[in-house]
Amino acid sequence: MRVAVFAFAALLASPAVGQGLLKAVPSAGMPRDIAGAAERPDPALAYRILFDISAPPRDKAEPHQTLQRAASMLNAMAANGVKPKAGDIAIVVHGAPDTILLTDAAHTKRIGTPNPNRVLLEELASAGVSIRICGQSYLGHGYTREELHPVVQLDLMAMITIANFMARGYGVVRDN
């Protein structure tokens, strides 16, 4: 019995397992910890962040790099005891990468493969992230509402979304 308890305690102390238990977005990565880092997620702060996605995916077979960055940040926050309120983290997509917001059926019809972003979109939404598409991009690409993943909110235009979020005190993280 003592060996089993010791083995279980050792397993929980393992960084990989310990970090896995604290993930807000299960399929996303976890940044490596840096002992003595000057800035860390702070539970005393209220985070309000808008990720602005306009760059195409670097690898169309993988989830979009900025979705991955947002998910990794949420995992770092969770590992440090920070859980933003629903809607305090948002993502707006416009232009070339808006196909990342399509259903599997629509992505297959338009691109030829199921959407590699689907699982990450669902996990981000489950973690309270608001996911939005620019209405002008949506119209320009001739999408129908049924083609958008159900977690996606349709906004008038990305510029208005960005301006409104900035006016509400959100910091904007642009993709690269």
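Summary table below
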{"item": "Cβ-Cβ under 7 Å pairs, at least 6 apart or on other chains, region 147-158 side more than 13 Å from residue 118 (Cβ to Cβ), far side of a type in the set (Phe, Trp, Tyr) and buried (at least 16 other Cβ atoms within 10 Å of the Cβ)", "result": "154/138"}
{"item": "Residue, surrounded by the most Cβ atoms within 10 Å (Cβ to Cβ), within region 65-109, restricted to residues that are of a type in the set (A, V, I, L, M) and not in a helix (DSSP H, G or I)", "result": "93"}
{"item": "Residue that is surrounded by the most Cβ atoms within 10 Å (Cβ to Cβ), among those in region 165-176 that are outside any loop (DSSP other than H, G, I, E, B) and in contact with a strand residue (DSSP E or B) (Cβ under 9 Å, 6 or more places away or on another chain)", "result": "165"}
{"item": "Test: residue in region 72-86 that is within 14 Å of residue 53 (Cα to Cα) and in contact with a helix residue (DSSP H, G or I) (Cβ under 8 Å, 6 or more places away or on another chain)", "result": "no"}
{"item": "Any hit, region 139-146, residues being of a type in the set (Lys, Arg), farther than 18 Å from residue 47 by Cβ and touching a helix residue (DSSP H, G or I) at 6+ places or on another chain (Cβ under 8 Å)", "result": "no"}
{"item": "Tally of residues being assigned to a loop (DSSP other than H, G, I, E, B), within 19 Å of residue 60 (Cβ to Cβ) and of a type in the set (Gly, Ala, Ser) across region 110-148", "result": "1"}
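Every number in this text was worked out from the coordinates using simple rules, so none of it is lab data. Everything numeric here is computed off the predicted structure, so don't read it as measured data. All Cβ positions, glycine included, derive from the backbone under ideal geometry; neighbour counts span all protein chains shown.
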